[in-house]
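**Q** Got a structure for you, questions after.
Read the figures in this text as sums done on the coordinates, not as results from a lab. Keep in mind that what you see is a predicted model, and the values were worked out from it rather than measured. For neighbour counting, all protein chains shown are included, and Cβ atoms are generated from backbone atoms with ideal geometry for every residue, glycine included.
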Amino acid sequence: FKNGLSLEDASGTWKLGINGRVQADYRSFSPDVAAADTFNIRRARLGVNVGLKDFAARLEGEYGGTSGNGSVGLTYAHMDYIHFNGFKLRAGQFKPSYGLERSMNANFTDFQERGSTDYLLGATFDRGIMAYGEPIAGLFYSASWTNGKGVNTASANGDETDAKYDNKDALIRVVGNIAQFAGWKDSVVHIGGFYAKGEQEPGSSPTLNVQTEGRGAIVFSTEEGFAKAVDRSRQGYELALAHGPVKLQAEHITEHFDGNGFNRDLTAWYASINWLVTGETFASTYKDGMFGRLRPKQEFAWGGDGWGALQLGARYSKFDGSDFLTTNAIGTGRLKAFESNEFDTWTLGANWILTPYVRLIANYVHTSFDTPITVKAIHHEDAITMRAQVDF
Amino acid sequence: FKNGLSLEDASGTWKLGINGRVQADYRSFSPDVAAADTFNIRRARLGVNVGLKDFAARLEGEYGGTSGNGSVGLTYAHMDYIHFNGFKLRAGQFKPSYGLERSMNANFTDFQERGSTDYLLGATFDRGIMAYGEPIAGLFYSASWTNGKGVNTASANGDETDAKYDNKDALIRVVGNIAQFAGWKDSVVHIGGFYAKGEQEPGSSPTLNVQTEGRGAIVFSTEEGFAKAVDRSRQGYELALAHGPVKLQAEHITEHFDGNGFNRDLTAWYASINWLVTGETFASTYKDGMFGRLRPKQEFAWGGDGWGALQLGARYSKFDGSDFLTTNAIGTGRLKAFESNEFDTWTLGANWILTPYVRLIANYVHTSFDTPITVKAIHHEDAITMRAQVDF
Amino acid sequence: FKNGLSLEDASGTWKLGINGRVQADYRSFSPDVAAADTFNIRRARLGVNVGLKDFAARLEGEYGGTSGNGSVGLTYAHMDYIHFNGFKLRAGQFKPSYGLERSMNANFTDFQERGSTDYLLGATFDRGIMAYGEPIAGLFYSASWTNGKGVNTASANGDETDAKYDNKDALIRVVGNIAQFAGWKDSVVHIGGFYAKGEQEPGSSPTLNVQTEGRGAIVFSTEEGFAKAVDRSRQGYELALAHGPVKLQAEHITEHFDGNGFNRDLTAWYASINWLVTGETFASTYKDGMFGRLRPKQEFAWGGDGWGALQLGARYSKFDGSDFLTTNAIGTGRLKAFESNEFDTWTLGANWILTPYVRLIANYVHTSFDTPITVKAIHHEDAITMRAQVDF
């Protein structure tokens, strides 16, 4: 019963962990014609993980769903065989490893929301099987074969109906921490990439409705789905350089649709810098090929010495969907009228990490639309977003 | 691991409580043209609360939802800072403190259902921030600033879409227990009130569909929502006098809509008397400005001495929506045809509290409709309702 | 904290068990025009059971719902009084005891899916009250009175609206284990039956959409619901003979609709044989009138001696809905065009039970349609289905 909520029986056969998180957000926009100034439960999750010697299972529900009017959905539901550290197996519903930021726990990302790169990666959770592991210390891989349809949307459980056009998605990601190979202390030199291939069925959308990184206006979507089945590939490169309290991080992701007589690319990338003002190191949070929970040098205590940790950061991101035009033929990826196929975003962020399990976040997000969303007569969006978060 | 299901780690850093409730109801009506004689899961909830020194979090799901066809929803999802007893802070989704009966845990209300007053208070759970505490022993306050739209309904998560007409709701409630100030033993003299102010957007309904207190016929609703935005204020007064095993309790609540060229009031009140036949005192259950869990003098045990506690009570309530007429202009609060804008209700209730965590409830509810619901040709409704309840 | 995840407090007053399961399936069909080759979360459940001396409660959510697009629903939510072993009482939402295979925990059925007999038994979970027990060692009964409408479907929570045509369902099931009476070791001679009576309201469907046992094509459904209320009765006979590692099991179930001027029967039965290759006995799993968790003689451990248990089996089943014809009058149970009113199924199955809590399943399911589903030009369906399962 330590390091979070986990219990073990006397014989060591069973381990039970209870996990949860509450992310209580406030968002405010200017101009605010496009989105609400609102309180929101961004994520409210509760689940368990169970260990039975070489087997493990995880099951978690998301109670803060915003699509579907507050409905509850399933996030993780998988079973693992973890006997070999270099070759672990997973079956069920899980998060395929599409790049660094997507793979990271949303409790520990540097900014309140992931970059616009995340919209190119499809649904977060998917159903299938995965092999993963750390065959050499500092080298991590994951290979999965999944439905490629996610879960908790109308098409998600199309898996119980006819889906003969929908092939499975194959994904492989390999990353390494060169600092670990070289034995550089207090540093991370994370480098890697992924490649995924699948097919989308007729009628399927090129992408989710793309919102600004402040979760305000919907910037990019298409008038209709693809008329015929298209081949889809995704690839990404990721780089993170951390030394002591400073981290540089960047990702570049491309999604390519190869249709009947047309090709369409979506490209997005971000670069960010973060500084742990209170002197903790990013290397101390690096594990399993990603950055995780930070433990402040001194936890916050009223009237005591500790004030927790403070992280400041900035991120620039660029979304390019310029292959998608309003003049494209119907069913080949036609930009929706009055939306934009390019935008870039500046984010300034502060994380006040009071204890390893409690943090307050404030972000300023400025988005510039390349093709103005003329119907609403806005060329940019400024957002102030805040979050109170507890996770266990 | 006592007083319910709660666990603590050796170092005292973490506390985990697992909470749940099952309320299995049966309802039967006469005349029964208007509602089903049915078994129902009124509430089925499961959640956790976590304490981390000065921080606390609560997360709970409702599995017994009746709207939305048995869908599961989120009730509590909040994070608290509880260092100062007189000034605690809460962020997330919670129950704003609209009066005494609404604030009380539904496991411990005197009757199976709250009075018709409850329909004037909008959605039970809302999203925002709250300050609350007990600055002086016996004086309790709560002030919240919330979306004012609730959760788990179509409009609830409108918070992710355009909501520029919808201002936030501000609420303050102050109550005191004069018996505590005066040092009167075994007594409660609870007195207080609340005031709340917000705005409703065009198309929003004046109130939920008002059912009888037996959850039978829908008595009061409007033909359509408000055509334009309206200002809404709510206020309530509450009084509870308990001495030994007897309690008198009353509340008066008004909801006021200030529209463009019209004003509409909804008013409701109730008064009730309850008697703990087995001699426990209501004062022993009073905590945090409300009445809570009762511990029988002797718990029920087959073949043993104990039979648990028995509480008997009666309540009269009156609902007045007489500003809402079928002849009002469209979009200004027009009573639905064949429904009623006034009704009163007599409830006789018995609670058999077998153990602090198990109770059986039986209620007789007689409702008289002032304007008969003529399409169904009924002037009154008699309901017998029963509940088997366990909570932990 | 043993035999699964269960905790007890020092005084023995409270017991808490945390239950869950993950069933990660893969299904593949030939011809595959009728259903997807897909990964699926068949069941993902999480819940608790609580014991308070003579009282008990259970609450569980299903997170892997496939209807309703991944929505979460309530399975068990009931409260029990268990003082008398021969006369226990239950109120809330639970699974009425319709025969042997339906009563068994889906984690422990012999094959990946129950037989087509299961479609004649309506919704799995229902709301009401039940008496049950084991008055004589080896004799088990259950009698329930429920809504008869299930839960988590559109009509399920019709229980909050008008349901005056819908009478309650009364069910009684009695089974005995003659081997237990006779003192035959390592054997089970399970014999019994059930009878249930209810009424269906106008517009209600004769049965759920009947899929093949491989969860592929929908074979049998009706063009529309019954035009008027019909009386419905169900009855079933069950037999299971086990000696050592071999078990023969069979059930025969009839559902009878008595309408205004017509009678319609649905009949289905199955017979199966199973062999525990590794030598465990089925008698060791028999409890409470059904077969339950198997404990392998040696648990699976990589590089160790143990390989777990292996169970092989075969099942034949027959579904007969030949009273339902495309030429029947509208509203009297009219077979849907291009579907079939008779089919039989052969299933070959293997269960690899690695530990008491982890199993892998593979099934081959061959279905022959008597009246071919001509629109899709198929006369049979071959399915290969697999499951990775953990439960606790």
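**Q** Under 22 Å from the Cα of C:K149, which lysines turn up, not counting those fewer than eight places away in the same chain?
**A** By straight Cα distance, C:K149 reaches C:K95, C:K164, C:K168, C:K197, C:K228.
**Q** Ok, one more. Over the whole of B:14-21, what's the average partner chain Cβ count within 10 Å per residue? Rounded to a whole number, please.
**A** That average works out to 4.
**Q** Copy-to-copy spacing for B:F262, label 7 Å out on the Cα-to-C-beta vector, in nm, shortest first?
**A** 4.9, 4.9
**Q** Sticking with this one: Can you list residues from other chains, or at least 5 along the same chain, whose modelled amide H is less than 5 Å from the amide H of C:D323?
**A** Here C:D265 satisfy the definition.
**Q** Moving to a separate point now. In nm, one decimal, shortest first: how far is the label point of C:D370 (7 Å from Cα along Cα to beta carbon) from the matching points in the other copies?
**A** Once sorted, the set of distances for C:D370 reads 6.4, 6.4 nm.
**Q** With a 10 Å Cβ neighbour count serving as the proxy for reagent exposure, in which order, fewest first, do C:D37, B:D370 appear?
**A** Values: C:D37 20, B:D370 16.
In increasing order of surrounding Cβ atoms, one gets B:D370, C:D37.
**Q** Right, next: Once you order the gyration tensor axes a ≥ b ≥ c over the Cα atoms, which shape class does the protein assembly as shown get: rounded for a/c under 1.5, otherwise prolate or oblate by comparing a/b with b/c?
**A** Here the protein assembly as shown falls in the rounded category.
**Q** Could you pull out the pairs from C:K53/C:K297; B:K15/B:K88; A:K287/C:K15 whose alpha carbons sit more than 27 Å apart here? Intermediate results must be reported in sequence, preceding the final value.
**A** Details: C:K53/C:K297 33 Å; B:K15/B:K88 18 Å; A:K287/C:K15 37 Å.
In this structure, C:K53/C:K297; A:K287/C:K15 lie more than 27 Å apart at Cα.
**Q** Continuing with the same structure: Suppose we keep just the alpha-carbon trace of chain A; what are its Rg and Dmax in angstrom?
**A** Rg and Dmax of chain A, Cα atoms, are 21.1, 68 Å.
**Q** Skipping prolines and chain starts, which residues have an amide H placed within reach, meaning under 5 Å, of the one on A:W14, given they are 5 or more residues away or on another chain?
**A** Here the answer is A:D9, since their amide H atoms fall under 5 Å of that of A:W14.
**Q** Right, another one. Treating the beta-carbon of each Lys and Arg as +1 and of each Asp and Glu as -1, no other charges, what is the dipole magnitude of the protein assembly as shown about its Cα centre, to the nearest 20 debye?
**A** About 2580 debye.
**Q** One decimal, nm, shortest first: give the distances between the label point of A:N105 and those of the same position in the other copies, each label point 7 Å from Cα along Cα→Cβ.
**A** Ordered by increasing distance: 3.0, 3.0 nm.
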